[in-house]
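No lab work stands behind these numbers, since they all come straight from the coordinates. Keep in mind that what you see is a predicted model, and the values were worked out from it rather than measured. FYI the Cβ positions are ideal-geometry reconstructions off the backbone, even for glycines, and counts take in every protein chain you see.
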Amino acid sequence: MSFLALTAGSGISLGYWAAFSFFVILALAVDLGLFHRESREVRFQEALTWTAVWVCAAMVFAFWVGPRFVPAWTPEWTTKFVTGYLVELSLSMDNVFVIALIFSYFTVPRAWQHRVLFWGILGALAMRGVMIWAGSELVQRFHWLLYLMGGFLVFTGAKMAFAGGDDEGASLENRTVVRLARRFLPFTNAFDGENFITRVGGAIRFTPLFLVLIVVETTDVVFALDSIPAIFGITKESFLIFTSNVFAILGLRSLYFVLASAMGYFRYLKYGLALVLVVIGLKMLAEHWLEKWLGTQLTNVSLASVIGIILVSMAASMVAAWRERPDGASK
């Protein structure tokens, strides 16, 4: 099945895919060329503002652009888009914490982190597009793969809940991709500003910042193995899967600078995300029976479950952090 056949089968013509892709390219060009032309440290207030902008853009797309300009768009599509977007954005938070650990391990200055994230997101968009296309084709050909994805999500959620992450930093240098990169690519021992490539004695060398980019890209691939099956548990519409993923990824850079300095306030988020994966996985495994029981309300129940789990885990994290404050302990 070709991509043209896939777009026709989803009820979304190629023109809408092209228009959305043009919007993404334009947004990235404005971001890099206008707002972040020079490397600098992104402040919390600026990052919070951009995070709000991207969330609002996603909601405008869901509640106005889609219903108004996309003929196949239905109210149920809006609910599915919002649910998928929240799931992808929430899973991106876990990705943010790992990226923060990567930057800390390789001692990347904050002024250069945005550049790594920008190019990392370009690669993530391309990889997610390929994975969504491949996943859509496979699911349409082999419907039983949805049950396999559901079982995988249940397993992944359980593993995430019980696995420790304290030794993640120590294991970075032992990752296969790092060892292969150091073996086959000539690296310098020190950064050369924000450059990924430099010259030493007339010879081209890669800087440690390029190694950081490689690690960030491969980390996104690992997280995509969770997030892509999760979104298929919410909707099978490739257009919804792609657009919700893209909006979540576009907001990842600003979300990083918001959360990186406040990781202590999200200690229980991992458990919330693990439960989200388990719930979506169980939904995929039992969708046939759930649709008979809940009917059209299944989509709304999924959205309410995702929002409830994430809010409870974040609230529990903030309460725990507040109780452990030195000023609170002294009272």
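Picking from 216, 130, 279, which is most flexible by a Gaussian network model of the chain using Cα springs under 10 Å?
Among 216, 130, 279, the largest GNM mean-square fluctuation belongs to 130.
If the elastic network links every pair of Cα atoms under 10 Å, which of 180, 303, 269 fluctuates the most in the Gaussian network model of the chain?
180
Say R0 is 35 Å: what FRET efficiency, to the nearest 0.05, do residue 142 and residue 122 get from their beta-carbon distance?
0.70
Once every DSSP H run of n ≥ 4 in the chain is given -39500 (n - 2.57) and the sum is divided by its residues, what mean residue ellipticity at 222 nm do you get, rounded to the nearest 500 deg cm²/dmol?
Result for the chain: -24000 deg cm²/dmol, rounded to the nearest 500.
Helix 238-250: angle to the longest alpha-carbon principal axis of the chain, degrees 0 to 90, nearest 10?
On a 0 to 90 degree scale, this one is about 30.
Given 64, 303, 257, which one lies farthest toward the positive end of the charge dipole of the chain, if we put +1 on the Cβ of every Lys and Arg and -1 on the Cβ of every Asp and Glu?
Positive-most Cα among the choices belongs to 257.
In nm, give the distance between the simple-model label positions of residue 105 and residue 322, each being 7 Å from the Cα along the Cα-to-Cβ direction.
Placing both labels 7 Å along Cα→Cβ, they lie 3.4 nm apart.
Mind checking which lysines have their C-alpha under 21 Å from residue 292, skipping anything on the same chain fewer than 8 residues away?
80, 236, 283
For the stretch 188-221 and the stretch 82-120, what is the separation of their Cα centres, given in Å?
18
Would you mind telling me which residue in 95, 245, 300 has the biggest mean-square fluctuation in a Gaussian network model of the chain, where springs connect alpha carbons within a distance under 10 angstrom?
In the Gaussian network model the winner is 300.
For the stretch 87-162, which chymotrypsin sites (Phe, Trp or Tyr not before Pro) pass both filters: DSSP loop (anything but H, G, I, E, B) and at most 15 other C-beta atoms within 10 Å?
Loop-located and lightly packed - 142, 144.
Mark the label point 7 Å from the Cα of residue 180 along Cα→Cβ and return the residues of the stretch 188-224 whose backbone N is within less than 16 Å of it.
The answer is 211-223, whose backbone nitrogens lie closer than 16 Å to the label point.
How far apart, in nm, are the 7 Å Cα→Cβ label points at residue 29 and residue 307?
3.7
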